[in-house]
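Student: Pasting in a structure now, in C-alpha cells, and then I'll have a few things to ask.
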Ligand SMILES: [Zn+2]
C-alpha cells in the first residue's frame, strides 16, 4: 500500500469531495424501478475524521429528496443543495475518530451534466447503467467523491425479477420475493467512488476462460441477440488476462465482468472489476479488440493503482493505451514500436499545447493525452530496455497495488530502474508541451515482437 493521500481539494474539481475525512466502507441498499426510473436508497458509510476535529463535513449527492440522515445514530443538522449534502453533527467529531453516517434518499436519477456529456446514472431504453468517470458518482449515491478516497463496498439492489443486476465484485446472494429480486454484491478491494459500476438490463450471462484451471473468474453479461458476435469478439480476453498477469503482475481483484449494454456507447468505460461496452463495440470481427485490452488494463492502472487527483490522469490512460500496443505486439499484430511511430506521426500533425502531467480539466480526456501517454511509456521502455522496463512496470503495479499515486511518485519509481538519470527524458515527455522525438528502440526491444501468444 502506498499512503500518498492528498489533503487538498482536487485542482480540476474543487467542488467534489471533502479531504477532511475518509470513508473506508459503504453499505448501500437500492430499490430501482426501471419503468418510472425511480430510485430509493439507504447508505451507511463508515468513515474516519482526518487530522483536525470535524464540526461539519460534506458528502456529494445530486438533486434527490433526502430523508433521514444520522451521524453515529443521532440526527445532525444538514443542508442539501448544489450537489452537496453538508452535515453538522450534534457533537464535533474528534481528530482521527471513527464515525458512521446514514443517509436515505429517493428520486429520479439522471446523469450529472459535464463537458463530456452526462456522467453517472443513465436510464437506458430498458434498464440503467452507471459510468461515473470522473465526477458522476453522486448521480446515484452519497459519497466522498474523490479518487484518492478508496473504500470497500457492499451493494444491494432490489429490482423487478426480469432484470439482471451486474456490479463489480462478488455476487454474494440473489433472493427473489414475489416479483422482485435482490442482488447483493461485495467489492472488498479499495475502490474509488467513480469506479463503482452497475448495470441493470436484460442480460444472458456467459463465462469466459476456464476458472477451473486457476485463472481469474471472468463473466460476461450480454443481450441474447449479441451473443454470437460477442463470443467471437471477446474470445481472446482470457489470453489478454494471462498476458497482462505476466507483464503487470497478478490481476488485482477477485473477478472480472464485462457488460454489453443494449445501446451504443460513445466509449467503453472501466469500473472496479467490471467494464461496460455498447452494441457498437460488438461487430463479430474483433473490431474493438484494442478497447477490450484497454479496459482490462485499467484494472491494474487506474483501478488498483489509482491517481491521487485528476491531474495525473495520464497514469491511467497512457498505461491503458500502452497495454493496447503490448497486446497487439504479443498477439501477432503490429509491434508497440510500429504503433508508437504511427501515434507520433499523428501527434506531430496536431497542436502541441498539452502537458501530460497536468493537462487541465478541458483536455484531460483529449485523445492526444492517450496517444502521448502511450508514447511516454514507450519512450521509457526504449530508454530502460525491455528487462528493466518490464520489471519497473510490474513493480509499479505491485508496490502501489490498491494504493494512490502521482506523476512525481512515478518519476521516482522509474529512476530506480535506470542506469543513467532519465530526468531530461521525463521532463520533455511529461512536463513540456512540445512533442519530443521518438527514441530509437534499444536492442532488446525486438521489432518483430517479443514472443508469440501467451
Ligand atoms: Zn481508458
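The values are calculated or read from the model by the stated rules, or taken from the named source; none is laboratory data. Remember, it's a predicted structure, so these values are computed and weren't measured experimentally. With ideal geometry, Cβ positions are generated from the backbone for all residues, glycine too; neighbour counts draw on all protein chains shown.
Student: Any idea how many residues of region 211-226 are closer than 14 Å to residue 255 by Cβ, in a loop (DSSP other than H, G, I, E, B) and touching a helix residue (DSSP H, G or I) at 6+ places or on another chain (Cβ under 9 Å)?
Tutor: Count: 3.
Student: Kindly state which strands (runs of 3 or more DSSP E) lie completely within region 126-198 and contain at least 1 residues that are more than 24 Å from residue 260 (Cβ to Cβ).
Tutor: Because the criterion is at least 1 residues that are more than 24 Å from residue 260 (Cβ to Cβ), the strands (runs of 3 or more DSSP E) in region 126-198 that meet it are 151-160, 170-177, 180-191.
Student: What residue, of 344, 298, 294, is in contact with a helix residue (DSSP H, G or I) (Cβ under 7 Å, 6 or more places away or on another chain) and farther than 28 Å from residue 263 by Cβ?
Tutor: Working: 298 fails: farther than 28 Å from residue 263 by Cβ; 294 fails: farther than 28 Å from residue 263 by Cβ.
Residue meeting the stated conditions: 344.
Student: Hey, another quick one. Could you pull out every one of the strands (runs of 3 or more DSSP E) wholly within region 33-115 that has 2 or more residues that are within 30 Å of residue 159 (Cα to Cα), modelled with pLDDT of 95 or more and within 26 Å of the chain's Cα centre (by Cα)? Full working, then the answer.
Tutor: Values: elements: 38-49, 57-60, 65-71, 77-81, 84-88, 98-107.
So the answer is 38-49, 57-60, 84-88, 98-107.
Student: Restricting to helices (runs of 4 or more DSSP H) lying wholly in region 281-349: which have 1 or more residues that are within 11 Å of the ligand (Cβ to nearest atom) and not assigned by TED's automatic domain parsing to the domain that holds residue 363?
Tutor: 289-297
Student: Could I ask something else about it? What are the pairs, 6+ residues apart or on separate chains, where a residue within region 252-267 that is within 12 Å of residue 207 (Cα to Cα) has its Cβ under 6 Å from a residue that is assigned to a loop (DSSP other than H, G, I, E, B) and away from the ligand (no atom under 16 Å from the Cβ)?
Tutor: Listed pairs, sorted by first residue: 255/217; 256/216.
Student: Let me ask another. How many of the residues in region 334-357 are under 25 Å from the mean Cα position of the chain (by Cα) and in contact (Cβ under 8 Å) with a residue 60 or more places away in the chain?
Tutor: Adding up the residues that qualify gives 6.
Student: Against the conditions (1) under 29 Å from residue 136 (Cα atoms); (2) surrounded by fewer than 19 Cβ atoms within 10 Å (Cβ to Cβ), where does residue 321 fall short? Just the number, please.
Tutor: (2)
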